[in-house]
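Report on the structure given below.
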Amino acid sequence: MNPIQNILVVLEANSTSQPALERAKHFAEKHPCQITVRLGANSRSAEINPNSTLNFKQQLENNCLDYIHQFTQPLIDEGFNINISLGWEDNSFEGIIHHAQETQAQIIIKSSKHHNKLKSFLITPTDWHLLRKSPLPILLVHAANPLKPTKILAAVSSMTTDEEHQILDLKVIDYAKSLSEMFHANLQVINAYTMVPLGLSLDGSGFYQDEYCQDLQQQLHRKTLNLTRQFSIPDSVVETRQGEVHQVIVEFAEEQKIDLVVLGTIARQGLSGMLLGNTVEQILDDLECAVLTLKQDGFESNLV
């Protein structure tokens, strides 16, 4: 992982705290960098006085800047390099991604919250749009997160055999190890995989042979160790578990009291993504800790 020199922080529109900005501050404390703070201007439109003599856009701009400055001024006073950006786009996620690319940001940090599943089915949350369409790493943090991670989890899946997934797993491990060194945090690695049944029983459920299950787990664990040993990660912190991938990751993270989960995502779009949901989106809604997602190299968002 290259040193992070440019961060884009997405502010919450109506909040007394900004966990994403606090997390960016801790990155900047470890390595000096530029922090660009972005707020969607239309998100503050309800705060505008209809009786003012100023035109609506000018009122809105003034209101947004005053709101931003209450969070950024203390950091500026401490000597941090802060830029401010207002987004006027109707689709906020597109504006966020375009601005991140224009400013050559290396990571986007945003506060997140748990999403209502029915509402998310009808209206895709901004967080999910970013996870699916941003080529940049996305760090989503909850308000209750510890600001400095003490336990970091790299989640991989060595069940996949294609080169794209294998390269992405290496990227995840590299990024997680770099962050663990930056924040002096403990690193763990989980290889989560879903067992494919050998056949179907009379009731339609799958059946497995114990010997087959054990051999497969040992084989996948060896594959994972081949990855982690490239980064001098001790074998003792690497584990392989079978089950639904998102459930394995969530359960392990909760057991180990993980503060930050790092994982890769091959973005799924279209009808299958809408109906089934990406693994990372399910993990995000089930975990209280921060989640950092990485895309495969060469991913393009295809935004206009």
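Taking the residues in segment 132-172 that are charged (D, E, K, R) and in a helix (DSSP H, G or I) as candidates, determine which candidate is farthest from residue 237 (Cα to Cα). Filtering segment 132-172 for residues that are charged (D, E, K, R) and in a helix (DSSP H, G or I), the one farthest from residue 237 (Cα to Cα) comes out as 133.
Say whether the condition of being under 28 Å from the mean Cα position of the chain (by Cα) and either free of Cβ contacts under 8 Å to residues at least 12 places away in the same chain or under 30 Å from residue 167 (Cα atoms) (or both) is met by at least one residue in segment 49-59. Taking every residue of segment 49-59 in turn, none turns out to be under 28 Å from the mean Cα position of the chain (by Cα) and either free of Cβ contacts under 8 Å to residues at least 12 places away in the same chain or under 30 Å from residue 167 (Cα atoms) (or both).
Looking across segment 162-177, the residues that are among the β-branched types (Val, Ile, Thr) and either under 10 Å from residue 228 (Cα atoms) or buried (at least 16 other Cβ atoms within 10 Å of the Cβ) (or both) come down to 172, 173. Filtering segment 266-287 to residues that are modelled with pLDDT under 85 and not in a helix (DSSP H, G or I) leaves 266, 267, 268, 269, 277, 278.
Scan segment 208-240 residue by residue and report those that are outside any helix (DSSP H, G or I) and under 18 Å from residue 155 (Cα atoms).
First pass over segment 208-240, keeping only residues outside any helix (DSSP H, G or I): 208-209, 232-234, 238-240.
Residues satisfying the conditions are 232, 233, 234, 238, 239, 240.
Scanning segment 36-70 for residues that are of a type in the set (Val, Ile, Thr) and either at pLDDT 75 or above or buried (at least 17 other Cβ atoms within 10 Å of the Cβ) (or both) yields 36, 37, 68.
The values are calculated or read from the model by the stated rules, or taken from the named source; none is laboratory data. Computed from a prediction, not measured in an experiment: that's the story for all the values here. Positions of Cβ are backbone-derived with ideal geometry, glycine not excepted, and every protein chain shown enters the neighbour counts.
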